[in-house]
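*Asks:* Right, I'll just put the structure down here and ask away after.
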Amino acid sequence: MKQISRHMRCVTGWLAMMVCLMVVLVHTATAVQAAIPEPSSQFYVLDQANVLDSSTENAIVSQNQTLNTQTGAQICVVTVDFLDGQSIEDYAYDLFNSWGIGDKDRNNGVLMLLAIGEDNYYVLQGTGLENTLTSGTIQNILDTYMEPDFADKQYDEAVQKTFAQLYDRVASIYAGTYKPENDHYYEYSYEFE
């Protein structure tokens, strides 16, 4: 009887420890997910780090409205101070899916994420764009248009130039259906190879 009782206490203690571990894991997962911000009323831009000029925000919204109406594609720009312990890739992925960026069926959204306090940035494309807006193309855009101004802490300029490149590239993918209302809202316009 003593062996069974001792065994039961051991099993009960082990089960209690597992329940506590599960509670901690669920709480941690919930806390990480809670760090993902809700979209702004403008949807296409959320500047929590307060590094973008209002004219830049307005231009991003305006260009996206036309792009989205014509193609379903969306290019969202989000700035935050910190990522609350998440990698920038995981944070971007969670934010992208939480917001539902791009057309649901085409999965043709793009997210530009800047983590100012962590001195980091990342661009994520939906799977519907992976063959046309490749990771290599995105890296080239970031190296050429984001990095120089970002390194100089000229975040607004970095976003303007990078957004213009992403916008040009996504618009060119839909060249047969996309009709821009005006040329470009920025003076930056570059051709892709």
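*Asks:* Near the amide H of T79, under 5 Å away, which other amide H atoms are found, from residues 5 or more places off or on another chain, if H is placed in the peptide plane?
*Replies:* L46, D47, Q48, A49, L114
*Asks:* Shifting gears a bit: Order of 154-160, 107-113, 143-149 by packing, highest average Cβ count within 10 Å first?
*Replies:* Ranked by mean Cβ neighbours within 10 Å, highest first: 107-113, 154-160, 143-149.
*Asks:* Explain nothing, just compute: Karplus ³J(HN,Hα) = 6.51 cos²θ - 1.76 cosθ + 1.60, θ = phi - 60°, for every residue of segment 99-109 in order, whole Hz, x for Gly and Pro.
*Replies:* Those phi angles translate into 7, x, 6, x, 5, 4, 7, 7, 6, 10, x Hz.
*Asks:* Would you work out which of Y167, M112, P148 lies farthest towards the positive end of the dipole of segment 28-177? Charges go on Cβ: Lys and Arg +1, Asp and Glu -1.
*Replies:* Projecting each Cα onto the dipole axis, the largest value belongs to Y167.
*Asks:* Which loop GluC sites (Glu not before Pro) in segment 35-133, with loop taken from DSSP, have no more than 15 other Cβ atoms within 10 angstrom of their Cβ?
*Replies:* E130
*Asks:* Now, a different point. Report the gain in length on full extension from E130 to T69: 0.36 nm times residue separation, minus Cα-Cα distance, nm rounded to one decimal.
*Replies:* Stretched out fully, the E130 to T69 stretch lengthens by 19.8 nm.
*Asks:* How big is D for segment 105-149, in µm² s⁻¹ as a whole number, if Stokes-Einstein is applied with the Kirkwood radius of its Cα pairs at 10 °C and 1.306 mPa s?
*Replies:* 141 µm²/s
*Asks:* Taking θ = phi - 60°, what integer Hz values does the Karplus form 6.51 cos²θ - 1.76 cosθ + 1.60 yield along segment 114-124, in sequence order, with x for Gly and Pro?
*Replies:* 10, 10, 5, x, 9, 6, 8, 8, 7, 10, 10
Values quoted throughout were computed directly from the atomic coordinates according to the rules given, and no laboratory measurement underlies them. Worth saying up front: this structure is predicted, and the values here are computed from it rather than measured. With ideal geometry, Cβ positions are generated from the backbone for all residues, glycine too; neighbour counts draw on all protein chains shown.
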